[in-house]
Ligand SMILES: Nc1ncnc2c1ncn2[C@@H]1O[C@H](COP(=O)(O)OP(=O)(O)OP(=O)(O)O)[C@@H](O)[C@H]1O
Ligand SMILES: [Mg+2]
């Protein structure tokens, strides 16, 4: 299966501070990956590094065979990365309709399809972003990312701070998204119930050591694929440590 997202020996952080160290990851088309970790371990930093919001000290990021790590964020988004930020980042002074159309691009995901996933949004089209509940804002954030028709969707703790009933509804949506066509997903979650239900073998991160398993879509597993997948990932995310960066010169800046 074709590779969707590849990180090779990535070390990244903020300015001279290194948060991620020597991260390796291969996510194939249609694969899903769950990431669990304690507060401050670097989960958001991982996604932010793919988006180009951090300082890359070392390594490479590839999307569908194109090298991303020297591109500005907007070109990464255009290249096919969808981003559901931890803070949701809904445009408060735009309507739901405007929030949805602002980055929309043609493809599989249409407004009709996202309203099928989130029926509430269809009824709130004329409301401003700041008139939505937390759950509705989260749905809008996911719907907005889907409408960019990404090849890789990065979701940062989508259930954080939501009422249990909304968490259940979102978990059902996440299951539908997993394995939806060729969409590859990286889901960061603190809610272990949601994370464990997402891929069959979620990653577990601790400071200084981590491991991960990415999963092929349910529709297309083969014994050979899963054996190869598991073997190739054993020990592939070597370590993730937060420490002061002592090098005199910062790593290559993201331009
Ligand atoms: N903009 C920033 N500038 C400097 N340091 C930062 C910045 N953002 C995060 N950090 C630091 O990087 C480390 C990793 O933070 P990150 O937000 O990636 O953790 P996280 O695993 O997503 O945590 P949480 O579960 O709380 O969301 C933390 O020590 C944090 O203080
Ligand atoms: Mg975070």
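Bear in mind that the values in this text are calculations on the coordinates, not laboratory data. Quantities reported herein were computed from a predicted structural model and do not represent experimental measurements. Positions of Cβ are generated from backbone atoms using ideal geometry, with glycine treated the same way; all protein chains shown enter the neighbour counts.
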Can you give the relative contact order of the stretch 1-150 as a percent, counting alpha carbon pairs under 8 Å and 6+ residues apart?
22 percent
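Note down the relative contact order for the stretch 88-147 as a percent, whole number, built from C-alpha pairs under 8 angstrom at least six residues apart.
Values: 69 pairs, mean separation 34.3, N = 60.
Result for the stretch 88-147 is 57 percent.
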PRE reach from residue 70 (point 7 Å along Cα→Cβ): which of the stretch 4-41 fall under 17 Å by backbone N?
8
With r defined as the distance between the Cβ atoms of residue 17 and residue 38 and R0 fixed at 25 Å, what FRET efficiency is calculated, to the nearest 0.05?
0.90
At residue 3 and residue 163, where each label point lies 7 Å from the Cα along Cα→Cβ, what is the point-to-point distance in nanometres?
4.5 nm
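Pairs of alpha-carbon atoms within less than 8 angstrom and 6+ residues apart define the contacts here; what relative contact order does the stretch 144-198 have, in percent? Before the final figure, lay out each step's value.
On the way: 48 pairs, mean separation 25.3, N = 55.
So the answer I get is 46 percent.
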In whole Å, what are the Cα extents of the stretch 88-147 along the three principal axes, biggest one first?
28, 20, 19
